[in-house]
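Since the structure comes first, as structure tokens, the remarks are kept for the end.
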């Protein structure tokens with residue numbers, strides 16, 4: 001790094017922020033606060049800002065490390081182990097799906113690809129109908145969306161899409177499939193293409209550079225390298241939080257504990273980890289719903305070899321999308337899917353592409369000319385798509401048991417067909433669905449015939465996910481929901497779930513903006529109840 | 001191979017698990033020293049693991065590694081080291097699963113019956129290793145498919161995370177900031 005890009009974290013630490021690195025403590029730590037927040041991603045970060053702005057004393061707990069722009073060297077081999085759950089190789093129990101999820105101060109917002117969509121009205125209508133979430137209307141949420149969109153500079157990307165995205169638009173256009181421009185949470189973006197490895201210029205308005213610094217400036221405490229083990233209960237309510245200090249190197253427990261006593265406890269460790277925390281805490285679970293209905297937007301991929309360079313490693317990773325195939329059938333009909341593209345960097349591309357030896361190497365040799373489309377399945381809207389269940393392993397770490405049902409596989413096969421057709425329409429020389437039995441096909445008709453015959457099974461068809469949702473579903477108690485629509489746990493009156501695990505279905509869109517807005521609303525209600533002041537719409 | 005029924009699959013899977021457990025009991029083989037890398041202390045891979053990672057890596061990454069013998073040797077040391085670093089960065093439960101997989105591949109009886117490799121890894125021919133990978137890749141036994149996927153991910157992550165691999169795939173590396 002030759003130029004000096006201001007690093008808000010380094011500067012804040014210099015100003016004397018109260019930050020505790022639990023990998024370096026040599027004694028137990030006891031803290032007290034008005035509210036303790038477990039997790040610092042989209043939900044935790046937003047909550048920290050709102051509660052601290054209301055004058056409340058906040059403690060944030062994060063199991064991952066504190067890294068910032070000075071550390072973000074745009075190197076995959078550094079970023080995946082340090083910023084992602086399981087080195088970006090977290091998998092479902094049967095190993096059928098690889099999950100990208102953040103694990104650092106800022107959570108997934110530090111490493112996501114910046115796509116920011118409001119919750120679709122169809123999804124909200126389904127929640128009102130099925131889960132009794134009467135207030136969840138587009139009109140009710142609109143001011144909260146406006147608020148966080150302003151706070152995080154969310155706006156449609158006004159620069160030309162990179163070629164990887166442009167191919168999606170061009171091919172779709174040829175087939176009469178509408179596409180649109182993706183809104184992104186960036187300010188002064190350099191269009192580098194490395195959002196997934198931590199933004200080196202702090203253009204991405206992640207929690208790491210927005211809400212968390214704001215909370216720390218107001219005196220909030222951040223403890224990182226600390227894993228929330230369990231809540232202690234007293235009667236129905238939560239009476240404390242017990243955390244383990246972690247080794248920075250290998251994430252194993254150190255012999256020190258951090259305990260926090262607070263008036264309110266906010267679980268915001270993200271789907272999978274939040275239900276696991278509640279399971280470890282033996283929270284009352286009368287309906288046996290805790291951890292169930294965890295959704296992934298399971299993704300299938302299609303790789304095209306284009307005649308011209310695509311350079312999918314360069315430029316804003318996601319700027320064009322199509323929701324056409326979400327709306328060609330009813331929401332509870334055959335599964336719909338959203339089309340986007342991923343960034344194409346060598347390590348992630350190599351582990352995701354299929355084949356080995358000279359054949360596999362030849363495919364990767366064409367990396368710069370490779371274009372990839374992804375299709376995200378909108379899971380969770382019919383009986384045939386109930387999502388997965390979060391369980392605890394013997395060592396109390398969580399795993400997600402998610403079976404891809406025939407209903408979901410059907411959508412995946414249709415999506416592979418759709419993506420190949422779009423890629424050929426855009427001028428692809430060959431198209432290869434990412435499936436072990438597939439090869440590069442030279443024409444749409446050849447691809448169409450071959451895809452129809454592919455065995456849709458795990459560890460044959462490549463399936464990935466970057467959106468984990470649900471497991472602590474909100475809704476009315478009588479519907480078996482874990483939390484109410486305002487995020488409060490149905491039995492523990494001082495426990496709140498403010499993260500992606502609150503969604504009763506998947507969203508059908510990249511989740512960050514839905515988390516920001518709904519949490520902004522619910523955290524403001526919590527701030528009002530803790531301060532005794534009326535509900536406002538508070539964010540700077 | 002005929003398609004296995006779900007029930008057969010479960011049984012084969014359990015048999016596979018027994019193989020894994022057996023392999024997991026095997027002690028690391030004696031060190032041959034080929035991957036005793038003076039500049040680096042291995043944290044996850046035993047010397048026996050390094051031999052099998054090198055043998056499988058040379059086949060998995062064929063066509064991507066330098067062809068010049070000396071450069072190939074240097075690259076292989078980097079590949080093996082990269083796999084060690086990659087495993088070291090994984091959560092403890094995943095590390096132990098990989099340890100079981102490597103144990104099974106190291107222990108001669110399970111290596112022969114599960115992988116079809118009848119010689120030591122050091123002496124295994126490229127075509128035998130290639131056949132083993134293809135068999136596991138397309139196996140009807142999920143355990144073997146997952147073993148192939150784990151090897152594929154580790155080796156691909158190791159080599160393509162290494163700047164030495166980038167020129168060949170047309171990746172210029174990160175831009176200057």
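Every number here is computed from the coordinates shown, using simple stated rules; none is lab data. None of the values given here were measured: they were computed from a predicted structure. Cβ sites come from the backbone with ideal geometry, for glycine too, and all protein chains shown count toward neighbours.
A few comments on the model shown:
- For the protein assembly as shown, calculated [θ]222 nm from helices alone, where every DSSP H run of n ≥ 4 adds -39500 (n - 2.57): -11000 deg cm²/dmol
- With both labels modelled 7 Å from their Cα along Cα-to-Cβ, the residue B:88 to residue A:449 distance reads 5.2 nm.
- Seen against the Cα atoms of chain A and their longest principal axis, helix A:406-425 is set at about 60 degrees.
- For region B:92-146: rounded, prolate or oblate by the Cα gyration tensor [a/c cutoff 1.5]: oblate
- For region A:1-104, a Kirkwood hydrodynamic radius built from all Cα pairs, placed in the Stokes-Einstein relation at 4 °C and 1.567 mPa s, yields a translational diffusion coefficient of 80 µm²/s.
- Cα extents for region A:309-436 along the principal axes, largest to smallest and rounded to whole angstrom: 43, 43, 28.
- In this simple spin-label approximation, residue A:28 and residue B:120 carry label points 7 Å from Cα along the Cα→Cβ vector, and these lie 5.2 nm apart.
- Listed by Cβ neighbour count within 10 Å, with the fewest neighbours leading, A:335, A:37 appear as A:335, A:37.
- The stretch between residue A:288 and residue A:129 holds 55.1 nm of extra length on full extension. This uses 0.36 nm per residue minus the Cα-Cα distance.
- For region A:425-494, the C-alpha radius of gyration divided by 2.2 N^0.38 Å, with N the number of residues, is 1.98.
- Over region A:57-186, the fraction of Cα-Cα pairs per 5 Å bin, rounded to whole percents and listed from the shortest bin up, is 2, 8, 11, 12, 14, 20, 18, 10, 4, 1, 0, 0.
- Averaged over the residues of B:151-160, the number of partner chain Cβ atoms lying within 10 Å of the residue Cβ comes to 6.
- Under 17 Å from a label point set 7 Å out along the Cα-to-Cβ vector of residue A:476, the amide N atoms of region A:504-521 belong to A:504.
- Cα-based shape type of region B:82-123, given that a ≥ b ≥ c are square roots of the gyration tensor eigenvalues and the cut on a/c is 1.5: oblate
- Once the Cβ-Cβ distance of residue B:95 and residue A:234 is raised to the sixth power relative to R0 = 56 Å, the FRET efficiency obtained is 0.90.
- Peptide B:62-69 has a mean of 3 when you count, residue by residue, the C-beta atoms of other protein chains within 10 Å of its C-beta.
- Longest to shortest principal axis, alpha-carbon extents of the protein assembly as shown, angstrom: 75, 62, 59
- Contact order relative to length of chain A, as percent, for alpha carbon pairs under 8 angstrom and 6 or more apart: 23
- Sites residue A:173 and residue A:439, calculated FRET efficiency, Cβ-Cβ separation with R0 30 Å, nearest 0.05: 0.60
- Order of A:503, A:424, A:383 - criterion: other Cβ atoms within 10 Å of each residue's Cβ, fewest first: A:383, A:424, A:503
- Spin-label pair residue A:533-residue A:137: with each label point 7 Å from Cα along the Cα-Cβ axis, the two points sit 2.9 nm from one another.
- Once the C-beta distance of residue A:391 and residue A:486 is scaled by a Förster radius of 30 Å, the resulting FRET efficiency is 0.60 to the nearest 0.05.
- Cα long-axis angle, helix A:512-531 against chain A (0 to 90 degrees, to the nearest 10): 10
- Entry note, region B:30-177: relative contact order of 26 percent, from Cα contacts under 8 Å with a spacing of 6+ residues.
- Mean separation of Cα contacts under 8 Å, 6 or more apart, over the residue count of region A:55-110: relative contact order %: 34
- Rounded tilt (10° steps) of A:121-131 against the dominant C-alpha axis of chain A: 60
- Fewest-first sequence of A:115, A:319, A:23, A:501 by Cβ atoms within 10 Å of each Cβ: A:23, A:115, A:319, A:501
- Prolate/oblate/rounded label for region A:53-131 (Cα gyration tensor, a/c 1.5): oblate
- Taking 0.36 nm per residue of separation and subtracting the Cα-Cα distance, full extension of the segment from residue A:259 to residue A:217 would add 12.8 nm.
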